[in-house]
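**Q** Mind having a look at this structure? Questions to follow.
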Amino acid sequence: MTDQILRSGTSIGANIQESINAVSDADYVNKLGIALKEADETKYWLELLFETKYLNRQQYTSIYNDNCKICGALVNCIKSKKMSM
């Protein structure tokens with residue numbers, strides 16, 4: 001599980017970085033959409049790590065809340081770009 005959360009968690013940043021050099025607005029939205037999916041997957045792994053006691057409540061809550069903020073920011077960026085397309 002920890003390997004999975006490492007992969008999905010770092011993929012968020014990698015896809016955001018790729019969006020910076022997107023070749024079109026659609027490509028930009030697509031890259032951020034992938035980052036959002038990875039952030040959503042990360043939520044799943046965080047929940048499993050908490051339920052199996054790999055994370056205590058404080059660790060889980062802190063990381064989960066940060067991830068929710070990332071998801072919100074990604075949703076806002078995607079919506080904003082789609083409105084301007």
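**Q** If I ignore ligands, DNA and RNA and count only protein heavy atoms, how much of residue 18 is accessible to a 1.4 Å probe, in Å² to the nearest 10?
**A** 90
**Q** How would 25, 40 line up by accessible area, probe 1.4 Å, largest first?
**A** 40, 25
**Q** Please give the per residue accessible area of the chain, computed with a probe of 1.4 Å over protein heavy atoms only, in Å².
**A** Each residue of the chain exposes 66 Å² on average to a 1.4 Å probe.
**Q** Work out the length of the dipole vector of the chain about its Cα centre, built from +1 on the beta-carbon of each Lys and Arg and -1 on the beta-carbon of each Asp and Glu, and round it to the nearest 20 debye.
**A** Once rounded to the nearest 20, the dipole reads 220 debye.
**Q** For the chain, compute the number of Lys pairs whose alpha carbons are separated by less than 23 Å, excluding pairs fewer than 8 positions apart on the same chain.
**A** 15
**Q** While we're here: Rolling a 1.4 angstrom probe over the protein chains, ignoring ligands and nucleic acids, what is the accessible area of residue 80 in square angstrom, nearest 10?
**A** It works out to around 70 Å².
**Q** Which of rounded, prolate, oblate describes the chain, given a ≥ b ≥ c as roots of the alpha-carbon gyration tensor eigenvalues and a/c under 1.5 marking rounded, otherwise prolate only if a/b is larger than b/c?
**A** The shape class here is prolate.
**Q** Starting from the residue with the highest accessible area, list 60, 54, 44, 28 in decreasing order, probe 1.4 Å.
**A** So the residues, ranked largest to smallest area, are 54, 44, 28, 60.
**Q** Amide H of residue 55 versus every other amide H placed in the peptide plane: which residues, excluding those fewer than 5 positions away on the same chain, fall under 5 Å?
**A** 50
**Q** OK, next. Tell me, what HN-Hα J-couplings in whole Hz come from the Karplus equation 6.51 cos²θ - 1.76 cosθ + 1.60 at θ = phi - 60° for each residue of region 73-85, using x for Gly and Pro?
**A** 5, 5, 4, 4, 5, 5, 4, 4, 5, 4, 5, 8, 7
**Q** Right, something else. Of the accessible area of the chain, with the probe set at 1.4 angstrom, what percent is carbon plus sulfur?
**A** Here it works out to 54 percent.
**Q** How do 57, 7 rank by accessible surface area computed with a 1.4 Å probe, from largest to smallest?
**A** Largest to smallest exposure gives the sequence 57, 7.
**Q** Taking the Cα-to-Cβ direction at residue 23 and at residue 4 and moving 7 Å from each Cα, how far apart do the two end points lie in nm?
**A** 3.4
The values are calculated or read from the model by the stated rules, or taken from the named source; none is laboratory data. Please read these numbers as outputs of a predicted model, since none were measured by experiment. When we count neighbours, we look across all protein chains shown, and the Cβ atoms used for this are built from the backbone with ideal geometry, even at glycine. Heads up: the accessible areas ignore ligands, DNA and RNA and are worked out on the full protein's heavy atoms, side chains in. Shrake-Rupley method; radii C 1.70, N 1.55, O 1.52, S 1.80 Å.
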